[in-house]
Structures are given as C-alpha cells and as structure tokens.
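Structure, as structure tokens:
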Amino acid sequence: MAWSFLLAAAWGGICYLDRTAAFQVMLHRPLVVAPVMGAIFGNFAAGAQVGAVLELLYIVRLPVGASIPPDDTGAAMFGGAAAAAASSSIGLDSGNFAAILLLSVLCAELGKYADRLVRRVNGRIAHLTVERLEKGDSLAVENGLMAGLVLFGVFGVALTLLFSGLGVFLARFLLPRFGPESHFQFGILLPAIPLLGAAAVFSCSRTDRTSPVFYLTMGCVFSAIFFFRWLV
Amino acid sequence: MSDIPLRVRRRVWFRQFLLQACWNYEGMQNVGFAYSILPALRDRYEGRPEEFSRALKRHLEFFNTHPSMATVILGATIRLEERVAEGKVDPRAVGTFKVGLMGSLGAIGDSYFWGALKPMASVAGAILAFVHPLLGIAMLLFLYNSSHLVLRYRGFAAGMGGEESAVRFLKEAGFTGKTEDRKMIAAILGGAYGGVVASHTAYLFGGAWMELGVFLIAALAVHLYTVFFRKAVSPSEVLVLLLLIGTLILWQ
C-alpha cells in the first residue's frame, strides 16, 4: 500500500503541474487521472468508470481571468482511488459508484481553496522576485519561477496523498457499513450525475444553432439504441 | 527577419510552457512571461547590464492572457525588443503593445480552447471510454493537443515574424469559425452522450412506454441543469443537493 501511495504522489505531482503551472497538455483531466489512480490502487477499469463521468461534470466552469474552477483533478484522484478500493470482482456497484461521485465534490471544492492559497503565496514570490531584481540579482526571475513551480508541485503531491487516502478510507471502512439495500437506494441517484455532465457540455456549446442539434442527437441516439435492442 | 539565433528561439519556445508557473493575483503571468523572454533579452542586451535589467523589469509588469495564445505576443514582443535594443523604438511601446493584445487574445483563447475545444475533446473521450478507457484517453489527448500544440508553435512563429505577421496569423487562423464548428461538434457529441445515458437508464426500468418516459425525464433533467447553470448555480452545488437527497434516502 505504501508503494501505491508513493506512485500516486508522483502521478499527482505531474498532474497538478499540468493543471496550471506547466504544459497544460490535459494530463490533469479526470478521464486520464482516474484510470491511472485506479490502476495504482488495483483496478484500472473501476477508475476509468469514475473518470468518464467526472470528466464532464465541471467543464462548464471555465478558468477565465482570476476565477478558479473546482478541482476536478483532485476529485478524480479521490474517485479513482476509492473506486479501485471499493470494486469487487464484478466491478463497482451502482450505490458505491454514486456515493464516490457525489462525495468527490468535497475534494473538488477543497482543491479549489488550496489552489487559491498557492496563488496567494505566489504573489509574495513575485514581489520578492522584483525586489531581488532591483538589487541586481540576475537570476531572480529564474529562481522566482522555480519557487512557484515547486510550490504548485508540492501542493499537488500533498493534495494527492490527502485525496487518495480519503478515497481508500471511504472505500475500505465507510461504504461497507451500508448494506445492499442502502446501496440499491443510493444507486437510484446515479443516472442524474452523468446527465449533469451532458448538460455541462450543452451549456458550454450552447448557441442558437446548437440547441436543437443537441436534443435531436440525444433523441436519435436514444431511438437508435432502443431500436437495436428491440431487433436483438 | 529576426537576428535572434535559433538556439535562443528554441529556449524561449520551451520556456513558454511554464508561463503560469508563478501565477499570482497581482501580476498574474508576469513572472512566467519574464522567464520566457529572458534568453532573448540576454542575447540582445549582452554586455549592457543596466539596459538588460530595465528590459527585464518591463516584463515583470501585469500580464494575463490565455496561456496557449501567449506565444503570439511573446514572439512579437521579442521582435519589438530587438528594435528597442537597436534604439529604433521607444521602450514604452513594448508595454502598450502587450496590454493592447493580451485582452483580445485572452478572450479569443478562452472562447476557443476552454469554451469549444476542451468540451469537444472531453465528450469525445468520454464516449469512446465506453468502448475502451484507453481509446477515450487517446482521443481526448489527441483532439486537444493536435490543435493546442500546433497553435502554440504557429503563433510563436507568426509573432517572430513581427506585429504585422502576428495580425495576419490571427486573421487567417479563423478562430471565430473554428470555435463555432467545435461547439457544434461538442453539441452533437454531448447529445449522443446524453442519449446513451438515458438509454442505459431506460433499459434498467424496462418496457417500451417506460423507456419513452425515462427519455423525457432525462431530457427535462438536462434542460433543468442548463437553466441552473445559466442562473450561475455551480455543478458543485447541484452535486451537494444530490448528496443531501441521497443522505435523506438513507436516513429513511
């Protein structure tokens, strides 16, 4: 288990750097993060299941200007680890799946506040950079940038350890306390969550032209699957 | 043509990936921009430490734009700095140029990358993940980065061609049309994703009329969520509401 957390911390550091500080090549997206976390904690497929739903949930919140969206990377760290730990040989049951997706919102919000804190500390680093440059330090900018980068990375590693630890704790000790009936009842909420993701994509892409197209495609795909199932 | 050596340009190009490494509320991307342009300034002001220091301070002023669009400004600013170093342009023109361009490029980038390309790539990845998770991951990374990395590179090259070349690049790139197209694809794929989810739910309930009912409820739910988003309700708030409902169900 210690090796799993060590690997998770390394992966988390990379993902959190990609989120804001470096590259932004989308390694931090839940669709990528959760399956890898799932693989680290023993079940790639369960992590992927959670990642595919989390991917779209927060997409409607754009990182425009100084606004910081909920930390969907952190939610995926939690979700991937929890899904792998909670899954059995037949996969993840609907009650656990819904519970993990809904509880991941707490990590997403906590991660957002941590991100704000990092950016405030970076403000101090930027001030120091200017001061040192005025004193004639020619390496001030390079050192300042590296300090910011390390800060983002360290916070990423710390958040990953916290979220994956919470995920494993939830899956091992909290979820098993509820019986199969409770799991079934909680599972009723599950369809409402991916539909929130579909609505988030619709809100992002909404124009006069796209509105009818969205509902028409939804109807066509639904009918096509219904027809196919009827045929079979 | 620019006199900046190729090795210096390469260093600037790699450094621009760290534009947001010291993102802060006061200067935003200021430290990142100064860090990116540093090799070019060192090359231009070699043996002139005071002018070099003044030039570097110019780039520690407030700067914020979309990170993928910053390469255009970065390239064009290097060209401008070359002329400042030669004494052909007033140094104050550098700040004016950056401020003039960063707002509009930020708006274009936010709309194209965050508002259209990312949702399109994400939903395409999420749909393919139903087939196989690795396919989904590959599709997301390919769709986003094939556009993102190319635009970063072409933007930098256009900027290095000077201000006119940068403006020509922005005109020819056709961001408005591309944004519209990607939003349309995202809407189609988002609809398909919603249809698959509704169909899967309907299957669990069984019966033809029941399935139709589930579809209508799903479409209504999507519409309701969209109204919530328009009223500035965040997805987190909706999820917390669902969590409370779940807790109440368990309580009973």
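The values are calculated or read from the model by the stated rules, or taken from the named source; none is laboratory data. Being a predicted model, the structure only gives us computed values, none of them experimental. Heads up, the Cβs are rebuilt from the backbone with ideal geometry, glycines too, and the neighbour counts pull from every protein chain shown. Side chains are part of the model used for accessible areas, which takes the heavy atoms of the whole protein and leaves out ligands, DNA and RNA. Shrake-Rupley method; radii C 1.70, N 1.55, O 1.52, S 1.80 Å.
Which of the residues belonging to the range A:30-52 are touching a strand residue (DSSP E or B) at 6+ places or on another chain (Cβ under 8 Å) and more than 11 Å from B:Ala129 (Cβ to Cβ)?
The one that is touching a strand residue (DSSP E or B) at 6+ places or on another chain (Cβ under 8 Å) and more than 11 Å from B:Ala129 (Cβ to Cβ): A:Ala46.
When residues of the range B:222-252 are filtered for being touching a helix residue (DSSP H, G or I) at 6+ places or on another chain (Cβ under 8 Å), at the interface with chain A (Cβ under 7 Å from one of its Cβ atoms) and hydrophobic (A, V, I, L, M, F, W, C), how many remain?
9
Between B:Ala166, B:Ala192, which is in a helix (DSSP H, G or I), more than 30 Å from A:Arg229 (Cβ to Cβ) and small (Gly, Ala, Ser)?
Testing whether each residue is in a helix (DSSP H, G or I), more than 30 Å from A:Arg229 (Cβ to Cβ) and small (Gly, Ala, Ser) leaves just B:Ala166.
Does at least one position in the range A:29-49 carry a residue that is outside any helix (DSSP H, G or I), within 11 Å of another protein chain (Cβ to nearest Cβ) and in contact with a helix residue (DSSP H, G or I) (Cβ under 9 Å, 6 or more places away or on another chain)?
Scanning the range A:29-49 turns up at least one residue that is outside any helix (DSSP H, G or I), within 11 Å of another protein chain (Cβ to nearest Cβ) and in contact with a helix residue (DSSP H, G or I) (Cβ under 9 Å, 6 or more places away or on another chain).
Give all pairs with beta carbons closer than 6 Å in which a residue from the range B:137-151 that is closer than 13 Å to A:Gln24 by Cβ meets a residue that is surrounded by fewer than 19 Cβ atoms within 10 Å (Cβ to Cβ) and of a type in the set (A, V, I, L, M); count only pairs at least 6 apart in sequence or on separate chains.
Qualifying pairs under 6 Å: B:Asn145/A:Val25.
From the residues in the range B:193-213 that are open to solvent by 20 Å² or more (accessible area, probe 1.4 Å) and within 9 Å of chain A (Cβ to nearest Cβ), which one is nearest to A:Tyr215 (Cα to Cα)?
This residue is B:Val196.
Just give me the residues in the range A:200-231 being basic (Lys, Arg) and either under 20 Å from the mean Cα position of the chain (by Cα) or not in a helix (DSSP H, G or I) (or both), in sequence order.
A:Arg206, A:Arg209
Could you please give the count of residues in the range A:129-144 that are touching a Phe, Trp or Tyr at 6+ places or on another chain (Cβ under 9 Å) and either in a helix (DSSP H, G or I) or open to solvent by 90 Å² or more (accessible area, probe 1.4 Å) (or both)?
Residues that pass the stated criteria total 3.
Restricting attention to the range A:37-67, report how many residues are open to solvent by less than 20 Å² (accessible area, probe 1.4 Å) and of a type outside the set (D, E, K, R).
Going through the range A:37-67 one residue at a time, the tally reaches 14.
Identify the residue in the range A:158-199 that is among the aliphatic types (A, V, I, L, M) and within 13 Å of A:Ala86 (Cβ to Cβ) and, among all such residues, is nearest to the chain's Cα centre (by Cα).
A:Leu166
Hey, can you tell me all the residues within the range A:63-100 that are within 11 Å of chain B (Cβ to nearest Cβ) and hydroxyl-bearing (Ser, Thr, Tyr)?
Answer for the range A:63-100, where residues must be within 11 Å of chain B (Cβ to nearest Cβ) and hydroxyl-bearing (Ser, Thr, Tyr): A:Ser67, A:Ser94.
Find the residue count for the range A:5-16, including only residues that are of a type in the set (A, V, I, L, M) and buried (at least 23 other Cβ atoms within 10 Å of the Cβ).
So the answer is 1.
Please pick out the residue among A:Ala126, A:Ala200, A:Ala147, A:Ala171 that is of a type outside the set (Lys, Arg), touching a residue at least 12 places away in the same chain (Cβ under 8 Å), buried (at least 18 other Cβ atoms within 10 Å of the Cβ) and touching a strand residue (DSSP E or B) at 6+ places or on another chain (Cβ under 6 Å).
Step by step, each of A:Ala126, A:Ala200, A:Ala147, A:Ala171 is checked, and only A:Ala126 is of a type outside the set (Lys, Arg), touching a residue at least 12 places away in the same chain (Cβ under 8 Å), buried (at least 18 other Cβ atoms within 10 Å of the Cβ) and touching a strand residue (DSSP E or B) at 6+ places or on another chain (Cβ under 6 Å).
Would you mind listing the helices (runs of 4 or more DSSP H) fully within the range B:5-63 where at least 3 residues are facing another protein chain (nearest Cβ under 10 Å) and open to solvent by less than 10 Å² (accessible area, probe 1.4 Å)?
B:30-44
Just wondering, is there one or more residues in the range B:87-104 that are outside any helix (DSSP H, G or I), on the phi > 0 side of the Ramachandran plot and either open to solvent by 60 Å² or more (accessible area, probe 1.4 Å) or facing another protein chain (nearest Cβ under 10 Å) (or both)?
yes
Which residues, counting only those in the range B:110-127, are of a type in the set (Ser, Thr, Tyr) and at the interface with chain A (Cβ under 7 Å from one of its Cβ atoms)?
Within the range B:110-127, B:Ser122 is the sole residue that qualifies.
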